[in-house]
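Worksheet for the structure shown next.
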Amino acid sequence: MNTKTIATTAISSILALSVLTATSANAVPNQPTAWEKCAGIAKAGKNDCGSLNGSHSCAGQATSDNDDNEWVYIAKGTCEKITGGVVKAEKPAKK
């Protein structure tokens, strides 16, 4: 391999790495600044904490999908974009 080929390969590798780095940096969203308690979208057994109607007080105890009393925390501004989602409360994200 001659010096020109090695230099060309090195430059191509550096350019490819910079493109991959820039692409992956934009693929990950920013950390949310606030969360919202979104009811009506939790899958059975996948709820966060207790139900809104007080039927249970622990996570993972939802017995049916999309129950109006079961909720999960999601990034603020997302709940109402989901069919059936209803915002019940908001809380700031930890810093």
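The values are calculated or read from the model by the stated rules, or taken from the named source; none is laboratory data. In this text, all values refer to a predicted model and were calculated from it rather than measured experimentally. Cβ coordinates were reconstructed from backbone atoms using ideal geometry, including for glycine residues, and neighbour counts include every protein chain displayed.
Since Gln61 meets every condition but one in (1) out of contact with any strand residue (DSSP E or B) (no Cβ under 7 Å at 6 or more places or on another chain); (2) modelled with pLDDT under 95, which condition does it not meet?
With (1) out of contact with any strand residue (DSSP E or B) (no Cβ under 7 Å at 6 or more places or on another chain); (2) modelled with pLDDT under 95 applied to Gln61, the lone miss is (2).
Given the criterion modelled with pLDDT under 95 and loosely packed, with under 10 Cβ neighbours inside 10 Å, identify the matching residue among Pro92, Pro29.
Residue meeting the stated conditions: Pro29.
When only residues in region 68-85 that are β-branched (Val, Ile, Thr) and under 18 Å from Gly50 (Cβ atoms) count, which is surrounded by the fewest Cβ atoms within 10 Å (Cβ to Cβ)?
It comes out as Ile74.
For region 50-59, which residues satisfy the criterion of being surrounded by 12 or more Cβ atoms within 10 Å (Cβ to Cβ) and touching a residue at least 12 places away in the same chain (Cβ under 8 Å)? Spell out the reasoning first.
Keep residues of region 50-59 that are surrounded by 12 or more Cβ atoms within 10 Å (Cβ to Cβ), which gives 50-52, 55-56, 59.
Once the filter is applied, which keeps residues that are surrounded by 12 or more Cβ atoms within 10 Å (Cβ to Cβ) and touching a residue at least 12 places away in the same chain (Cβ under 8 Å), region 50-59 yields Ser51, Leu52, Ser55, Ala59.
Take the conditions under 18 Å from the mean Cα position of the chain (by Cα), within 29 Å of Asn30 (Cα to Cα) and in contact (Cβ under 8 Å) with a residue 24 or more places away in the chain and apply them to Asn47. Does it pass? Let's see the steps before the verdict.
Working: under 18 Å from the mean Cα position of the chain (by Cα): yes; within 29 Å of Asn30 (Cα to Cα): yes; in contact (Cβ under 8 Å) with a residue 24 or more places away in the chain: yes.
Judged against the criteria, Asn47 is a match.
When you scan region 3-26, do you find a residue that is surrounded by fewer than 16 Cβ atoms within 10 Å (Cβ to Cβ), at pLDDT below 95, part of a loop (DSSP other than H, G, I, E, B) and of a type outside the set (A, V, I, L, M, F, W, C), even just one?
Checked region 3-26: no residue is surrounded by fewer than 16 Cβ atoms within 10 Å (Cβ to Cβ), at pLDDT below 95, part of a loop (DSSP other than H, G, I, E, B) and of a type outside the set (A, V, I, L, M, F, W, C).
I'd like the full set of residues that are in a loop (DSSP other than H, G, I, E, B) and aliphatic (A, V, I, L, M), limited to region 29-53. Walk me through how you get there before you give the answer.
Going through region 29-53, the residues in a loop (DSSP other than H, G, I, E, B) turn out to be 29-33, 40-53.
Ile41, Ala42, Ala44, Leu52, listed by residue number.
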